[in-house]
Amino acid sequence: SLRLRLTLLCAALLTLCCLLLTLTNNLSAVQMAHSVQAVPLLPAQTAEADAHTDFPMASLEINETVRQARGIFHLQSLLAMAAVLAAGLYLIYRLVGKALAPLDELAGQIRGRTAEDLERPLAIPDSGDEVAELARAFNQMSRRLNQVFVMQKNFSHNAAHEFRTPLAILKTRIGLFRKKRDFTPAAVQDFLQIMEGEVDHLSAMVSSLLELTNLEQMERGERLSAEQLIQRAADEVALPAAERQISVLVDVSPCTLTGNERLLHRAVFNLLENAVKYSPIGGAVYVSGRRADGVFRMEVTDQGPGIPAELRRQIFEPFFRVDDARSRQQGGAGLGLALVRAIAQAHGGAVRVEEAPSGGSRFLLELPLGPECQAPPPGTDKP
Ligand code: ADP
């Protein structure tokens with residue numbers, strides 16, 4: 001335990017200090033004994049050397065007494081050292097325990113926490129020390145964890161709900177088909193078409209969900225041309241756009257990007273697909289892309305219904321739809337923009353929406369520039 005380790009550390013230091021102190025004490029005591037022994041003997045030796053024939057005897061006695069005194073002193077100082085050490089160790093153990101008590105208390109509080117009460121913060125001691133700091137850090141962490149748990153819960157709840165709708169439709173249709181017993185080619189064709197539609201919807205949802213969860217593991221170091229990326233997505237929406245007489249106008253400056261081509265194509269395609277999907281018949285979608293403020297900025301502007309200001313952040317949440325019934329009718333699962341945001345963020349970029357001057361929406365996708373695009377050609381710093 002930390003208490004034992006701290007005690008042992010202090011004990012080692014205390015022992016070292018005691019040993020050094022005892023050693024220096026003993027050395028200086030020995031030196032002092034030498035001087036004390038020498039002082040009375042010298043004059044006696046010179047003045048009365050001849051008269052006292054028993055002087056060597058007296059000197060021997062003194063030497064013996066001094067030797068004994070020295071022995072006693074060594075022993076006493078060693079005993080004193082042992083006593084000081086023992087008392088010191090006991091005090092250190094108690095004091096360390098006392099100093100660590102708030103930590104123990106904090107650990108007890110943390111141990112009692114479960115995923116359900118992560119919202120409830122720990123009481124922060126008003127000591128203003130490291131323990132208070134630790135409690136504060138724990139509270140911050142559990143707040144963030146709680147947000148993630150709530151998001152995950154909502155996500156699973158919404159995902160289950162989304163899957164339930166097409167599955168319920170499938171089940172009802174199969175039941176009806178069986179009940180009617182109308183197996184004419186036209187009825188079978190009709191039935192299969194409905195089945196296919198729902199299965200397509202389900203598999204699109206599964207792909208989007210898989211993409212959302214696997215984003216971080218995907219390689220993002222490919223070099224790609226922004227022009228080609230955007231033009232390819234525009235070509236892919238050309239057919240559904242033409243069906244509703246919507247013109248898609250593209251104007252992109254040459255620039256390179258670094259990232260995952262498949263993911264970036266998906267992000268650009270989702271924005272264009274939505275613009276076409278939510279545009280009125282005969283409308284126009286403008287797509288532009290250029291270097292601006294140190295990033296590559298792509299703008300997709302449509303003449304659709306626009307997005308209310310208070311929902312402009314929420315539409316990037318998974319399964320969120322402004323007009324639930326209408327989006328479902330158009331085959332949307334509410335994952336398209338969540339994917340765009342996740343892809344942009346995985347590439348170090350961002351996406352947002354604002355109101356277009358024409359009243360529709362304008363989506364701005366910002367991506368970091370590729371190295372070739374970072375240095376502006378002379379005199380063309382402005383986008
Ligand atoms: P969906 O698949 O339902 O279109 P998205 O995640 O792509 O899901 O979009 C979320 C919601 O944002 C849509 O349901 C729609 O209400 C709104 N939305 C997205 N793009 C546009 C747009 N260009 N114009 C108006 N509303 C849009």
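Every number here is computed from the coordinates shown, using simple stated rules; none is lab data. Here the structure is a predicted model, which is why all the values come from computation and not from measurement. For neighbour counting, all protein chains shown are included, and Cβ atoms are generated from backbone atoms with ideal geometry for every residue, glycine included.
Counting only lysines at least 8 places from Lys171 when in the same chain, those with an alpha carbon closer than 24 Å to its own are Lys179, Lys180.
Qualifying GluC sites (Glu not before Pro) in the stretch 310-372, where qualification requires a DSSP coil assignment and no more than 14 other C-beta atoms within 10 Å, are lacking entirely. For the stretch 140-188 versus the stretch 61-83, the spacing of their alpha-carbon centroids is 92 Å. Absence of a disulfide-compatible partner, taken as no other cysteine beta carbon within less than 4.7 angstrom, is noted in the chain for Cys10, Cys17, Cys18. Bridges between two residues of the chain, per DSSP, are antiparallel at a rate of about 80%.
Remark on the stretch 93-239: Rg and Dmax equal 28.0, 91 Å (Cα only).
Dimensions of the chain from C-alpha coordinates, computed as largest minus smallest value along each principal axis and given longest first, are 148, 68, 37 Å.
For n ≥ 4 DSSP H runs only, could you compute -39500 (n - 2.57) per run for the chain, divide by its residues and tell me the 222 nm figure to the nearest 500?
On the way: 9 runs with 240 residues, N = 383.
Result for the chain: -22500 deg cm²/dmol, rounded to the nearest 500.
Using alpha carbon coordinates only, what is the Rg to Rh ratio of the stretch 164-229, with Rh defined as the Kirkwood radius?
On the way: Rg = 19.3 Å, Rh = 15.1 Å.
Looking at the stretch 164-229, the ratio lands at 1.28.
Which of the GluC sites (Glu not before Pro) found in the stretch 115-162 are in a DSSP loop and have at most 14 neighbouring Cβ atoms, other than their own, within 10 Å? Taking the stretch 115-162 and a limit of 14 other Cβ atoms within 10 Å, the loop GluC sites (Glu not before Pro) found are Glu119.
A straight Cα-to-Cα reach below 18 Å connects Lys98 with the aspartates and glutamates Asp126, Asp129, Glu130, residues fewer than 8 places away in its own chain not being considered.
Could you list the trypsin sites (Lys or Arg not before Pro) in the stretch 62-165 that lie in coil according to DSSP, counting only those with at most 14 other Cβ atoms within 10 Å of their Cβ? Here the sparse-neighbourhood loop sites are Arg113.
Toward the positive end of the charge dipole of the chain, about the Cα centre and with charges on Cβ (Lys, Arg +1; Asp, Glu -1), which of Pro368, Tyr90, Pro280 goes farthest? Checked the options; the winner is Pro280.
Order of Ile72, Ile307, Ile343, Ile169 from fewest to most other C-beta atoms within 10 Å?
On the way: Ile72 10, Ile307 20, Ile343 28, Ile169 15.
Going from least to most buried by this count: Ile72, Ile169, Ile307, Ile343.
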